[in-house]
Structure formats: structure tokens, C-alpha cells
Amino acid sequence: MVVVWQNSRLAVLWDLSYILENAYRISLAQVPYRDFPLPYPPLTFVTQAALIKFTGRAIWHHVLYCAVAGGVATVLSRRILLGLVRGAVARPRLVASVLSAPLAVLGIYCIFPHPFYDCDCTFAILACVLLLLHVEERAFPPTLSFFTGIALVVPPLVKQNTGLAFLGGAVLAILALLILDRRREQAVRGYGIMLGGVTAGVALAATVIHFTAGLRNYRHWTMQFAAARRMPSLSDMLSVYHNRLLLWWLPAFVAGALLLSLRRASRWLVILGAVLLSVPFVWTSACLLGGGDSSDKAECLLSLWPFLLIVSFIGSVWSARKRKGMPLMMPFVAIATVHGAFLSQQVWGSTYALWPLAMILIASTLTALAGRWKRRSAIEIVVSLLIAVPLCVSGTHYVWSHERLDYASVSDGQPQHSTLPALRGLTVRGAWLPQFDELVAYAKAEIPAEDGLLMIPGEDLFYYATGREPRFPVLMFDHTVNPYSPEEIAEMARAHNIRWLVVKRELQLGADPVDDRRRLLHLLRKDFAKTEELDNYDVYRRVATAD
């Protein structure tokens, strides 16, 4: 419901267009990496292309996809949490349900509600984690073990940095368990079969890519080009832990854990221990009552990430001798996966779809501590509530304030809808959709369907909405996805016989994404003359070809 509600009140045109415009061209049999550049793995785009191909161009289909995927991801998360806490806490079902409650507002598609690879990658990771836990519970059936190994290859085909970190962490975990469980013949055979499945999955994926897009093309765009445009420095990665809140959150948490571990602690010491243990989580809600803007309040919530990474790592190492199998390794796999996700946009930009992994870290930490607690059942429930309730409160504010989406104008103006059938159900605040409808009406009346267009910067769902075929390799012109210089774009416009140029003057996106926009338009205007000035678009037609 949260995903549907989010879509009913806001939309980020830039990101929505990037997914659906490229998915639409794939539905027309254009092949990414070969026919056009794409610095991301294909599965999110292919999935949306399949929706377009088999159900038609309709925004609400994609909204339904996000809502269903988000709901299923929360169900998977609860099942994973149950698998992690079972045997370690007195009331595992209740604890798992309480810890999964924050995902009602912090689920994979709740914060960013449009189809996106980060969200889909987390979904794939959750499915893989559940398979890893389930195959161990079932005593490693050979067929299921093999297909679990194949499934581990899926996340890197959705998002390369997060997915590869997960795959690497999972493979290392399996190798470690091969050593630790070498006396259990059944486990050793199961882990070996899983590694065989991983090898088969990699071979299958490489074969499909080779005979479609080409392995060299795929490696260039998703590895070399993407790393050149997105890879942060080591100092940027370590800056995640430069947080002054850690200086008193960590001592408070440790003090709480020690008090709860005392065998002869009084009731008041137990209460004090539970309160100290929950200080970092309660603080996120307390921030809402203090001063500051929404950005400061969101920062309080996001500060939990470095804290969780530290305490879950220490707790998992500390309790390693008391745990075995995948529950032992899962927090380390989650930690590796989260750091892989941070390679994109660190904590602020990369965590919006990772909250199920945060709950896995919390559950792992809770199981590491619970074995030493007196009055286990009561303390477990109280601590779980002191963690989950503040996360629900602060998470609700984070979603409602759409602070993560502040890079675009999503809250200014009245909600507007499009008259175009393909965009029915899309809600955007401001005049963006009426202005776009005017452009589409002009194109229908004045621009032949077979003529090639160049849209600068490409913020709108033009091809998806109109059903026209894109004829230029790049649809959006920002540093992350556009590999071409202004001179190359101008030359390619001639080579692809682009007859129309459409320039959007004011963007919903906060900053102009086009590198050297002035020079690019200067070069293009040598070949084009303005024919129409619409409410927010300048339309140019080719009048000459430069020598």
C-alpha cells in the first residue's frame, strides 16, 4: 500500500524515464551494449521490457510490479529473520514479526517507488539468502543445492556493485563453511554442489550475453565505463564511519549488552540495559522532535548504517563459536553486500533499497547477544520493540518527507496528471505533465513518426508515451550514462539522420545533468533552426548538414 500511495503523490521523471525509455527500446528488439550504451546490468530493464511487450505501455502496470515486488520482499525478509533467530531466541516468530515491521515503510520500493535496479537487486539477494538458509534446513538436497548456486549469479545481473559484492561474499562464505564443516560429509557435498551451481550460472550468463550483446561490449559498459563514472575513492568509502554519533552510540550499546548479560542483575539494571541497548534507535525518533530541517532528521536515521555494520560484525565474531552454517556467515555476507552498494553513492544515496539487509544485521546482532540474557523471552521482546518502533516512526517520516528524492522537484505545485493513455495513473506535482502533453500533441501534428529526434536532456517518457522508435544511441544526457562528448553527439546526430531537436528549458531534476550543455547546443544549432517555442520546450528542425 505504501508503494501505491507513493506513486499516487509523486514521481521522479528522470529516473522513471531512464528505466522505461530503455526498457521500451529493448521491447522493440534493440539490444543493449551492442546497439546502445547501458552502464548497468540488464535484468531490471529486461523485466520492464517484458511487461511492456506482453501487457502494453501503461504506467500502472509498472506501479503494480513495484507494489507486488515490495510486498513479496517484506515477506521474504520476515522468513529470513525467522530463520536467523530460530534456536537463538525464546519466541522466534514474534521477534521476527516485530523486527520485520519497519519494512512496511522501509521496504525495497517504499522510498523510491518506481522500477529500479537497486530495489530489484535487493529482492534477488533476499531470494538467494532464503534459498541458502532453506537448502541447509533441508539437509542439502542435490537439485535444490545446485539451483541455489545458479540463483546466486542473478543479483550481479541486476546491479553490478551490490550484486557482485553479494556473490563474492556468498562464495567466500560457502568456502569457509567447507572448511569449518569438513567433518559433516552431507554439508561438504551440499556446499560443493552449490559452488558447481555458481560455476554453471556464470557460464550460462556468459553464454547468453556472448550470443546477444557480446561479452566485450558488456564488460566495457557495465565494468570499465561504469567504474570510471561512479567508483568512489577510498577516503569517500571510509567517510561512512566518520560520524560523531558513533562515539556515544557504541559505548551505550556495549554498556547495555553487558548489563543484560549480568546473571544477578536487578530488574532496574535490566531495564537500564535494554534502554542503553536501544539508544541509537530511539535517537532516530527523538530527532523528529528536535529542531533542524528534514535533511538533518534523515541524517539521524541514515547514521544507523555505520553503527549496524560495526556492532553486527563484532557481535558475529564474538558469537562465532556458538553458531554454525549459514546463520553464522549471513551477517558477514550482508556486511560485504552493503559495502558493495556504497560504491555507488555511499550512505545517503545507496541505502534506500537496503533496509531489509539492515534488519538482517539487527537480527544477527540480537541472536549474538540473546544467549547470555536472563529472562530471555521478556528481554527479547522488549528490545525488539525498542528497536522496531523507533524505526517505524523515523522510517515513516523519511518516506513521507521524501528527503531521499530532494534532487528533483517532487513537492512543488499541485498534483497533475497526463491525458496520454500510456501515462494514465502517473502523478507529478507541478506543470511538467501538461507541458509534456503539449509537446506530444505538437509532435503528433508536426513531426512524422519515422523522423529521428534528439531530446535534450531526455527527462521525459517521450518514446514510451508516443510509441515512436528511438533512433539515437543515447536517450539521456548526463555524466553517468552518456559516454559521448558534444562534438561526438553532433556528429552522430548527422550520421543517424536526426531531423528534429527538442530542448527542455526547465527540468524537474534539480541540477542540469548535461556536461558542457552550452557547447553541445551551440554545435547542434549549426544544423538546426528553431521552429516552435512551446511552454517548456524549444523545437528545432534540421535545415542543413555541416561540411
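A short reminder: the numbers here are calculations on the coordinates, not readings from a lab. These numbers come from a predicted model, not from an experiment. Neighbour counts run over all protein chains shown; Cβ positions are idealised from the backbone, glycine included.
Classify region 298-414 as rounded, prolate or oblate, taking a ≥ b ≥ c as the square roots of the eigenvalues of its Cα gyration tensor: rounded when a/c is under 1.5, otherwise prolate if a/b is larger than b/c and oblate if not. It comes out oblate by the Cα gyration axes. Taking the charge dipole of region 415-542 about its Cα centre, with +1 at Lys and Arg Cβ atoms and -1 at Asp and Glu Cβ atoms, the residue from 427, 486, 443 reaching farthest to the positive side is 443. The simple spin-label model puts a point 7 Å past each Cα toward its Cβ; for residue 245 and residue 526 those points are separated by 5.3 nm. Shape descriptor for region 4-55: Rg over Rh equals 1.03 (Cα atoms; Rh from the Kirkwood inverse mean 1/r). Considering every Cα-Cα pair within region 415-542, what fraction, in whole percent, is farther apart than 21 Å? Roughly 38 percent, once rounded to a whole number.
The dipole here belongs to region 357-504: it is taken about the Cα centre, uses +1 on the Cβ of Lys and Arg and -1 on the Cβ of Asp and Glu, and is about 1120 debye. Can you tell me the orientation of helix 486-495 relative to the chain, as the angle in degrees between its alpha-carbon axis and the longest Cα principal axis, to the nearest 10? That helix lies at roughly 60 degrees to the long axis. Which residues does the label zone of residue 438 cover in region 523-540, counting backbone N under 19 Å from a point 7 Å along Cα→Cβ? Counting backbone N atoms under 19 Å from the label point, the list is 530-540.
For the pair residue 211 and residue 75 in one chain, pulling the backbone fully straight at 0.36 nm per residue adds 45.3 nm over the alpha carbon distance. Helix 325-350 axis versus longest C-alpha principal axis of the chain: approximately 40°, rounded to the nearest ten. Between region 358-433 and region 90-112, the C-alpha centres lie 10 angstrom from each other. Taking the alpha carbon gyration tensor of region 34-142, multiplying each eigenvalue by 5 and rooting it gives semi-axes of 31, 18, 11 Å, largest first. What does the extension gain come out to for residue 385 and residue 488, with contour length at 0.36 nm per residue minus their alpha carbon separation? Going from the current span to full extension adds 31.3 nm. In degrees between 0 and 90, to the nearest 10, how far off the longest principal axis of the chain does helix 43-55 point, with axes built from Cα atoms? The angle comes out near 60 degrees. Its Cα centre serving as origin, region 31-405 has a Cβ charge dipole (Lys and Arg +1, Asp and Glu -1) of approximately 1260 debye. Entry note: region 218-271 has Rg to Rh equal to 1.43, where both radii use alpha-carbon atoms and Rh is the Kirkwood radius. What are the GluC sites (Glu not before Pro) within region 355-453 that DSSP puts in a loop, where the Cβ has at most 14 other Cβ atoms within 10 Å? For GluC sites (Glu not before Pro) across region 355-453 that sit outside H, G, I, E and B with at most 14 neighbouring Cβ atoms in 10 Å, the list reads 450.
Full extension of the chain segment joining residue 321 with residue 138 gains 63.6 nm, where the gain is 0.36 nm per residue of separation less the Cα-Cα distance.
Going by average Cβ density within 10 Å per residue, which order do the peptides 174-181, 231-238 take, highest to lowest?
Descending mean neighbour count gives 174-181, 231-238.
Kirkwood radius and radius of gyration were both taken over the C-alpha atoms of region 359-434, and their ratio Rg/Rh is 1.31. To the nearest 0.05, what FRET efficiency results for residue 255 and residue 289 with a Förster distance of 25 Å applied to their C-beta separation? That gives a FRET efficiency of 0.55. Stokes-Einstein diffusion for region 31-405, with the hydrodynamic radius set to the Kirkwood value over Cα pairs and evaluated at 10 °C in a medium of 1.306 mPa s, equals 74 µm²/s.
Placing unit charges on the Cβ atoms of the charged side chains and taking the dipole of the chain about its Cα centre, the candidate lying farthest along the positive direction among 90, 68, 524 is 90.
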